[in-house]
1. Would you check if Leu193 is crowded, with 18+ Cβ neighbours inside 10 Å and either modelled with pLDDT under 90 or of a type in the set (D, E, K, R) (or both)?
2. Would you confirm whether any residue within segment 67-82 is at pLDDT 95 or above, of a type in the set (S, T, N, Q), crowded, with 18+ Cβ neighbours inside 10 Å and not in a loop (DSSP other than H, G, I, E, B)?
3. Looking at (1) over 10 Å from the mean Cα position of the chain (by Cα); (2) over 18 Å from Ser169 (Cα atoms), which is the only condition Leu113 fails?
4. Mind checking which residues of segment 110-164 are surrounded by fewer than 18 Cβ atoms within 10 Å (Cβ to Cβ) and touching a residue at least 60 places away in the same chain (Cβ under 8 Å)?
5. Condition first: touching a Lys or Arg at 6+ places or on another chain (Cβ under 8 Å) and aromatic (Phe, Trp, Tyr). Now tell me which residues in segment 29-77 satisfy that.
Amino acid sequence: MSSKKEKIEAPKIPAYLEPITLSDYELEDEQILTDGIFQDCEITNQTGYKVCFDRLRFTNTTFRGINLNKAEFTDVVFENCDLSNINLNESIFHRVIFHKCKLLGVDLSGSTLRNVVFDTCYADYAVLRFANAKLVKLMNSSFAKADFFSMNISSIIFEETNLDQTQFSQTKLGGIDLSSCDFESLGASLEDLQGCIISPMQAAVFASLFGLVVNRD
């Protein structure tokens with residue numbers, strides 16, 4: 001369920017971080033990167049298994065051809081970054097902020113998200129199927145046509161976010177407040193939507209999902 005009483009923890013990052021360049025790190029399996037900042041750079045064609053990112057900041061960084069299966073991100077901030085179409089499946093995110101990022105088609109399937117904020121992000125077609133999300137906030141963002149199939153969600157906030165044609169099948173939305181979000185259709189069953197909070201204007205959209213006609217006279 002969504003609970004605005006539970007506070008999302010912010011990343012715990014030192015005030016000063018040493019600059020890190022790509023030449024300093026060619027990713028290896030189970031490598032640990034910590035206490036640094038990647039800024040105004042492009043990270044390309046990196047592959048790693050269980051790589052750990054701890055107390056890091058990524059600013060104006062573009063990721064291309066990245067495959068990081070089961071990575072772990074703890075106390076990390078991504079700002080003005082492009083993570084489109086990269087593979088981060090089955091990864092762990094704890095105290096992570098994505099601010100003004102492009103995440104078009106990013107693969108976060110099977111991932112665990114705790115204390116994560118997506119703020120002013122473009123994440124259409126993002127894949128979060130089978131993800132486990134708790135204390136997560138999506139705000140002022142677009143997740144249109146994203147795949148939230150069979151997610152386990154609790155204490156999650158959707159605020160002023162585009163969810164048009166987003167897939168929620170087999171994801172329980174009871175207690176989840178979608179009333180401030182934009183959508184013309186959702187991929188969800190009546191069972192999925194049981195107890196979901198919507199606005200009066202959205203009622204007609206939900207009715208149309210099940211073949212009902214709203215008489216506006």
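1. On the way: crowded, with 18+ Cβ neighbours inside 10 Å: yes; either modelled with pLDDT under 90 or of a type in the set (D, E, K, R) (or both): yes.
Yes.
2. yes
3. (1)
4. Ser154
5. Hits for segment 29-77 are Phe38, Tyr49.
The values are calculated or read from the model by the stated rules, or taken from the named source; none is laboratory data. Every value quoted in this text rests on a predicted model; they were computed, and no experiment measured them. Cβ coordinates were reconstructed from backbone atoms using ideal geometry, including for glycine residues, and neighbour counts include every protein chain displayed.
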